[in-house]
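Just so it is clear, none of the values below were taken in a lab; they were calculated from the coordinates. Predicted model only: the values in this text are computed from it and were never measured. For neighbour counting, all protein chains shown are included, and Cβ atoms are generated from backbone atoms with ideal geometry for every residue, glycine included.
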């Protein structure tokens with residue numbers, strides 16, 4: 001497919017990623033879960049037949065990075081600026097639509113990503129043609145944003161990491177006159193409860209295997225487990 005698939009991520013360094021998982025997990029365990037989520041996400045992305053796979057990275061590449069991904073450095077301060085810059089950098093290299101995801105949805109599949117790309121490639125007048133594709137997250141954020149023609153103004157200034165982020169981002173797209181195709185809502189892994197729910201959705205994944213091993217070491221069972 002004539003598009004670019006872009007993953008925006010932090011290197012899974014203890015103390016810098018998934019800090020909301022601590023407690024019950026240690027910073028090292030949180031980083032290990034982040035590494036597993038990132039590996040699963042990149043593996044799914046790698047299976048999508050696009051012209052270019054890109055990772056916009058905060059930190060240094062590690063053994064979790066598969067072959068075939070171009071690495072670009074994140075730029076900007078706030079997350080809105082970093083997302084906008086990642087879109088701009090990718091689009092400047094290849095004038096092709098860009099679909100961006102994060103590292104927090106290891107349950108993502110190649111088929112779901114393909115469904116986010118195809119509307120951006122449709123011929124003029126096609127029923128499913130879109131200028132943007134968008135996936136809301138259950139916590140009120142968003143897990144995917146695809147743009148046929150990326151423009152920093154479509155993202156910059158959108159308040160990030162709030163329960164209204166997804167709604168604000170969608171409103172920005174619609175307000176710019178874009179035709180938006182929405183994708184299914186997904187769970188971002190931000191808490192221990194989220195991690196359990198997502199792992200149950202993908203029991204054969206790296207993420208689920210790492211979480212199972214860690215939960216076996218937690219004694220007594222943490223309070224969040226009693227509710228599940």
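On the beta carbon distance between residue 151 and residue 201, with R0 = 22 Å, the FRET formula returns roughly 0.05.
Neighbour counting of Cβ atoms within 10 Å sorts the residues 138, 216, fewest neighbours leading, into 216, 138. Legend: P(r) of region 47-135 from all alpha carbon pair distances, 10 Å bins from 0, whole percents, reading 14, 45, 34, 6, 0. Viscosity 0.890 mPa s, temperature 25 °C: give me the Stokes-Einstein translational D for region 133-200 in µm²/s, with Rh taken as the Kirkwood radius over C-alpha pairs. Value of D from the Cα-based Kirkwood radius: 194 µm²/s. Using Rg and Dmax of the Cα atoms in Å as the read-out, say which of [x] 19.3, 56; [y] 17.3, 59; [z] 16.4, 53 was calculated from these coordinates. Here the calculated entry is [y].
The Rg/Rh ratio for region 23-75, using Cα coordinates for both the radius of gyration and the Kirkwood hydrodynamic radius, is 1.03.
Summarising the label geometry, the points placed 7 Å from Cα in the beta-carbon direction at residue 28 and residue 176 lie 4.4 nm from one another.
Suppose the chain between residue 109 and residue 93 were pulled fully straight at 0.36 nm per residue; how much longer would it get relative to their current alpha carbon spacing? Please list the in-between numbers first.
Values: separation 16, 0.36 × 16 = 5.76 nm, distance 2.58 nm.
Value of the extension gain: 3.2 nm.
When each of the peptides 175-181, 9-15 is scored by the mean number of other C-beta atoms lying within 10 Å of its residues, the order from highest to lowest reads 9-15, 175-181. Going from the fewest other Cβ atoms within 10 Å to the most, the residues 7, 99, 51 appear in the order 51, 7, 99. Summarising the strand pairing of the chain, around 30 percent of its internal DSSP beta bridges are antiparallel.
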